[in-house]
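This report concerns only the one structure given below.
The values are calculated or read from the model by the stated rules, or taken from the named source; none is laboratory data. The model shown is predicted, which means the values in this text are computed figures rather than measured ones. Cβ sites come from the backbone with ideal geometry, for glycine too, and all protein chains shown count toward neighbours. Heads up: the accessible areas ignore ligands, DNA and RNA and are worked out on the full protein's heavy atoms, side chains in. Shrake-Rupley method; radii C 1.70, N 1.55, O 1.52, S 1.80 Å.
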Amino acid sequence: MTNDDPIAAIATASGRGSIGVIRVSGKNLQNFFQAITAGFTPSPRSAHYLPILDADGSLIDQAIVIYFQAPQSYTGEDVVELQGHGGPAVMQLLLKRCLTIGQSIGLRLAEPGEFTLRAFLNDKLDLAQAEAVADMIEASSTAAAKAAAASLSGTFSREIEKLALSITEVRILVEATLDFPEEEIEFIEKYQVRSRLASIKEQLDVVLTTSRQSSYLKEGLKVVLAGEPNVGKSSLLNAIFGQDIAIVTDIAGTTRDRIRETLDIDGVPILMTDTAGLRQTTDKIEAIGIERSWQAIAEADLILDIVDARQPNSLLEQWPNQPELANKAIVRVNNKSDLINEKSIHLEEIGEKIMVSAKSGYGIDRLKSLILAKAGRQLGDVSPWLGRQRHVLALESASRHLDRAIEHAMYDDRVLDLLAEELRLAHDELGTITGTVSADDMLGHIFSSFCIGK
Ligand code: GDP
Ligand code: ZN
């Protein structure tokens, strides 16, 4: 996929539209432009309204044709764009005509993401920006689309570059000191390496937090409803969604399997899982459901510990040593508040508890805001960029290497080479985000998830 044949594809969505766009990218497309327009000489970046003829001279379409001369184009190569009438048959005819005319220069169909890959390889975009192109197209909410647009404009990449630069400055000092061993002893004190690393690490952790929170816009926040049978888990799911998606009965153990639903709260996709009651059982099918419930809890970003407000017994508290619950964000939700008197409602709301009623709808909006807050967001927040899981993992790893570098900086000169190595690793992790450090298989993986024509 990294060769430099000229490539062509329909860039607009399949199906009918008033306009359809065909995009061709290659090293030198001036002759191609003339051939497809029966002899017209283009001026770069001007819209020319021209007839496009088939091999037999018959008219395919009148199209707007634009010639973008390298390097001022999306891919950084010459690009020719044909904007025709957006019917599938017209687009197929135009594409076929392009491929026929381009045969002599080896023009072929583009692979998914290949235009953007070229933009990346020609330094038009870094890797995080290239990902933002796909994220903008795939965005399922306006909040995600705006965050992706910010990433595409480079807000995220600039943060990463700033961090990488700060690390580079320390690396230069360390490497220089390694080359002149007689200086080593005073080096860490003299250049305040420890405090500089601590400050870099602090900035990195801010970037990490924002990336993790904004990644929920794309990947969704995983929320699990856990609680004794009959406390109203399924009813709450229905109340939050405003429709009947879970089975509600008053026979304990009705919810045998997990029910997953995606709910959008202020642009954040919330992946809700209703679990089977986590109780001991001899019923084989129910036991499978319970096993899956623990698995859902292990993967969750937030657990709603749901109790009946009349007898608030937490199911989760019955499993104090369950490894899946370690370090989890858990919120106690007292359901069925309609069944207790108002005074005790106010008493119960003190602390990390929330009082709701799936039946009356009381507290449901507050519950939604609370879920959002666990994603580090408030209603109406605009994210400064859109993080991906890949970025979060790389930042986490860089943060760990910085931690170790700081540790090595505690012991004077003895571990200077280890310090240098940790800094190099932290730096490389940041490099994988923007693509300055990249393995071919990672690029293949990222770009193959694009649509064709992008
Ligand atoms: P689950 O087993 O935890 O999923 O509980 P369900 O959602 O199936 O509800 C069990 C029973 O409690 C049903 O009869 C519901 O109608 C009832 N229920 C659920 N939520 C409320 C509530 O807020 N108030 C009242 N009064 N009843 C509720
Ligand atoms: Zn249920």
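Listed values, structure above:
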| item | result |
| --- | --- |
| Criterion: within 26 Å of residue 449 (Cα to Cα), among the small types (Gly, Ala, Ser) and at pLDDT 95 or above - qualifying residue of 35, 8 | 8 |
| Single match in 261, 324, 286 (criterion: modelled with pLDDT under 85 and farther than 26 Å from residue 139 by Cα) | 286 |
| Test: residue in the range 112-121 that is open to solvent by less than 50 Å² (accessible area, probe 1.4 Å), assigned to a helix (DSSP H, G or I), touching a helix residue (DSSP H, G or I) at 6+ places or on another chain (Cβ under 6 Å) and over 21 Å from residue 27 (Cβ atoms) | no |
| Within the range 290-311, tally of residues that are under 21 Å from residue 358 (Cβ atoms), in contact (Cβ under 8 Å) with a residue 24 or more places away in the chain and more than 24 Å from the chain's Cα centre (by Cα) | 8 |
| Tally, over the range 204-235, of residues that are open to solvent by 30 Å² or more (accessible area, probe 1.4 Å), over 19 Å from residue 292 (Cβ atoms), within 16 Å of ligand 2 (Cβ to nearest atom) and not hydroxyl-bearing (Ser, Thr, Tyr) | 1 |
| Set 14, 25: member being within 16 Å of residue 111 (Cα to Cα), hydroxyl-bearing (Ser, Thr, Tyr), surrounded by fewer than 22 Cβ atoms within 10 Å (Cβ to Cβ) and touching a residue at least 12 places away in the same chain (Cβ under 8 Å) | 14 |
| Count of the range 354-370 residues which are assigned to a loop (DSSP other than H, G, I, E, B) and either without any contact (Cβ under 8 Å) to a residue 12 or more places away in the chain or open to solvent by less than 10 Å² (accessible area, probe 1.4 Å) (or both) | 2 |
| Verdict on residue 130 being open to solvent by less than 20 Å² (accessible area, probe 1.4 Å) and within 14 Å of residue 74 (Cα to Cα) | yes |
| Residue count for the range 33-44, restricted to those that are open to solvent by 20 Å² or more (accessible area, probe 1.4 Å) and in contact with a Phe, Trp or Tyr (Cβ under 6 Å, 6 or more places away or on another chain) | 1 |
| The range 28-39, residues that are hydrophobic (A, V, I, L, M, F, W, C) and in contact (Cβ under 8 Å) with a residue 24 or more places away in the chain | 29, 32, 33, 35, 36 |
| Cβ pairs under 9 Å, 6+ apart, first in the range 50-75 and free of Cβ contacts under 8 Å to residues at least 12 places away in the same chain, second of a type in the set (D, E, K, R) and buried (at least 19 other Cβ atoms within 10 Å of the Cβ) | none |
| For residue 44: the one exception among (1) under 25 Å from residue 111 (Cα atoms); (2) within 39 Å of the chain's Cα centre (by Cα) | (1) |
| First in the range 213-234 and assigned to a helix (DSSP H, G or I), second anywhere and within 13 Å of ligand 1 (Cβ to nearest atom) and open to solvent by 50 Å² or more (accessible area, probe 1.4 Å), Cβ under 7 Å, 6 or more apart | 234/247; 234/248 |
| Boolean, residue 163 is crowded, with 21+ Cβ neighbours inside 10 Å, hydrophobic (A, V, I, L, M, F, W, C), in a loop (DSSP other than H, G, I, E, B) and modelled with pLDDT of 95 or more | no |
| Any hit, the range 371-378, residues being open to solvent by 20 Å² or more (accessible area, probe 1.4 Å), closer than 30 Å to residue 231 by Cβ and touching a residue at least 12 places away in the same chain (Cβ under 8 Å) | yes |
| Residue 382 being within 32 Å of the chain's Cα centre (by Cα), modelled with pLDDT under 95, farther than 30 Å from residue 178 by Cβ and assigned to a loop (DSSP other than H, G, I, E, B) | yes |
| Criterion: of a type in the set (Val, Ile, Thr) and crowded, with 22+ Cβ neighbours inside 10 Å - qualifying residue of 142, 155, 100, 177 | 177 |
| Residues (closer than 30 Å to residue 149 by Cα and surrounded by fewer than 16 Cβ atoms within 10 Å (Cβ to Cβ)) located in the range 397-424 | 400 |
| Flag for residue 300 being among the small types (Gly, Ala, Ser), touching an Asp or Glu at 6+ places or on another chain (Cβ under 7 Å), more than 14 Å from ligand 2 (Cβ to nearest atom) and at pLDDT 85 or above | no |
| Failed item in (1) surrounded by 23 or more Cβ atoms within 10 Å (Cβ to Cβ); (2) farther than 15 Å from residue 433 by Cβ; (3) of a type in the set (A, V, I, L, M), with residue 172 passing the rest | (1) |
| Residue within the range 67-83 that is closer than 24 Å to residue 13 by Cα, open to solvent by 60 Å² or more (accessible area, probe 1.4 Å) and in a loop (DSSP other than H, G, I, E, B) present | yes |
